[in-house]
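Heads up: the structure comes next, in structure tokens.
The values are calculated or read from the model by the stated rules, or taken from the named source; none is laboratory data. All figures in this text were calculated on a predicted structure; none of them were measured in a lab. Here Cβ is always computed from backbone atoms with ideal geometry, including for glycine, and neighbour counts include all displayed protein chains.
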Amino acid sequence: MMLATAEHHGVVSTTLTTFISLLAFATIVGVFAKFVKVPYTIALVLAGLAVAILGAAPGGVVITQELILVLLLPPLLFQAGLHLDLDLLQKKAVPVVILAIPGVLLSMVLVAVAVRPFLGDHAWLPALLFGAMLAPTDPISVLATLKTANAPKRLKTLIEGESLFNDGTGVVLFLILLAAVFPTGDHESSLSIVDGVMQFIKVAGLGVVFGLGFGLIAFWILRRLNDHVLENAITIVLAWGSFIVAEQSGASGVIAVVVAGLIIGNYGTKLAMSKQTVQTINTFWESIDFLINSIVFLLIGFELQDIGGLPTLLQTDVLLAVGATFLAIMVARALMVYPTALTIGKHWPSGWKHVVFWSGLKGSIPLALVLGLPSGELKQTLVPIAFGVVLVSLLLQGLTVGPLIRKTGVANAS
């Protein structure tokens, strides 16, 4: 009995130590980013790289698919929906939909074409899976710079709305393709275009229904409460509950949690909550977003360490794959943004199209998705490529978006 207790205590101690170490390291990175005045996501990706180079990852850390897709993904999506203004989004709905659906599909296909030669004997489905994985964007540093520059809120809403719906579309496509590539964990299955489209429509449509249902139920309860602690707890249950129930019912948990977040952020905070509750919820979810983004970037460092660290990243095939993939992403984005700006966005101020084009940074969600792959050769191949693309994106785009915003004069545009 004493031996069993000691063993159990050892496991708990290791887990707690690892978790607390992650939080402590994330906080240190955040403080460092503030002092040196660099975007936090850039500091995080460099921290993940440092973990891999220094071999600082603790032993015994098991990164499971459930940990990533069920525990870490829902709060990232819920928090994004919580802060998006639907009234402003409706005015930019057409370009957002174009960039988030045809844009994601085009990016997925071009990335698949670019990465396919580097996947050895793997077929097209894994390449398309990787393309869907890299579809979500993370324009945090762009939005922060736009806010500092006092840019029009309409531009910020366009970029943020596109990012949110990119996330939803990309993750749904990823999960559909994941089930096709790993139907039993051993063998790849076939998936026709028609089957894929029909499955996408089905799971996305059901996801909207579940999100509306859970969001409205939560809204109804929130209107009858006046307790900021309990109301905050309801949003926590809503974020994970809507995702889990929708997924178990054959719907898209991703779409469900995004829709639920939009309802609470646009109606719950305005019609069902006191100012104190709104402040509590905003502070809580910003903290959760900070912590989960941090954990994802550090976990990718753990994974990189397991597959060889920096030498793996610097392999010629990996560098070529990163370059080809990043180029494919930028070509796809240019092919969608500039024609959209010349037609639907012809009334945009002249500098908007360049900022929108450059705002498609890659961040924590693509890394979370690649971590969520089943262990095996494909995951070992894709992890360094995905990390390399995110690293290039955050450093190249993230560090140059400020000068671009100043040069284009969007802060002075109405």
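Structure above, values below:
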{"item": "Matching residues in the range 292-323 - criterion: being surrounded by 16 or more Cβ atoms within 10 Å (Cβ to Cβ) and not in a helix (DSSP H, G or I)", "result": "Gly309"}
{"item": "Selection from the range 287-315 of residues that are within 18 Å of Lys379 (Cβ to Cβ) and touching a Leu at 6+ places or on another chain (Cβ under 8 Å)", "result": "Val296, Phe297, Leu298, Leu299, Ile300, Gly301, Glu303, Leu304, Thr312, Leu313"}
{"item": "Residue count for the range 227-244, restricted to those that are under 20 Å from the mean Cα position of the chain (by Cα) and closer than 13 Å to Met273 by Cα", "result": "1"}
{"item": "Top-ranked residue in the range 207-262 [being aliphatic (A, V, I, L, M) and part of a loop (DSSP other than H, G, I, E, B); ranked as surrounded by the fewest Cβ atoms within 10 Å (Cβ to Cβ)]", "result": "Leu225"}
{"item": "Close pairs (9 angstrom Cβ cut-off, 6 or more residues apart or separate chains): among the basic types (Lys, Arg) in the range 94-123, modelled with pLDDT under 90 and not in a loop (DSSP other than H, G, I, E, B) anywhere", "result": "Arg116/Trp124"}
{"item": "Condition check for Gly345: modelled with pLDDT under 85 and touching an Asp or Glu at 6+ places or on another chain (Cβ under 6 Å)", "result": "no"}
{"item": "Complete set of residues in the range 265-291 that are among the hydrophobic types (A, V, I, L, M, F, W, C), crowded, with 20+ Cβ neighbours inside 10 Å and in a helix (DSSP H, G or I)", "result": "Ile281, Trp285"}
{"item": "Selected residue (only one of Phe284, Phe290 is within 20 Å of Ile42 (Cβ to Cβ), in contact (Cβ under 8 Å) with a residue 24 or more places away in the chain and not hydroxyl-bearing (Ser, Thr, Tyr))", "result": "Phe290"}
{"item": "Matching residues, the range 204-235, being among the β-branched types (Val, Ile, Thr), in contact (Cβ under 8 Å) with a residue 24 or more places away in the chain and within 30 Å of Ile176 (Cα to Cα)", "result": "Val208, Val209, Thr235"}
{"item": "Yes/no for Val203 being out of contact with any helix residue (DSSP H, G or I) (no Cβ under 9 Å at 6 or more places or on another chain), β-branched (Val, Ile, Thr) and part of a helix (DSSP H, G or I)", "result": "no"}
{"item": "Positions within the range 324-354 being in contact (Cβ under 8 Å) with a residue 60 or more places away in the chain and within 30 Å of Gln380 (Cβ to Cβ), in sequence order", "result": "Ala324, Thr325, Phe326, Leu327, Ala328, Ile329, Val331, Ala332, Arg333"}
{"item": "Any hit, the range 359-372, residues being in a loop (DSSP other than H, G, I, E, B), β-branched (Val, Ile, Thr) and over 20 Å from Leu119 (Cα atoms)", "result": "no"}
{"item": "Members of the range 403-414 found to be buried (at least 17 other Cβ atoms within 10 Å of the Cβ) and at pLDDT 80 or above, listed by number", "result": "Leu404, Ile405, Thr408"}
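Residue-wise test of (1) of a type in the set (Gly, Ala, Ser); (2) modelled with pLDDT of 75 or more; (3) more than 25 Å from Gly261 (Cβ to Cβ).
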| site | (1), (2), (3) |
| --- | --- |
| Leu16 | no, no, yes |
| Ser21 | yes, yes, yes |
| Phe32 | no, yes, yes |
| Ala56 | yes, no, yes |
| Gly59 | yes, no, yes |
| Leu71 | no, yes, no |
| Pro74 | no, yes, no |
| Gln79 | no, yes, no |
| Asp87 | no, yes, no |
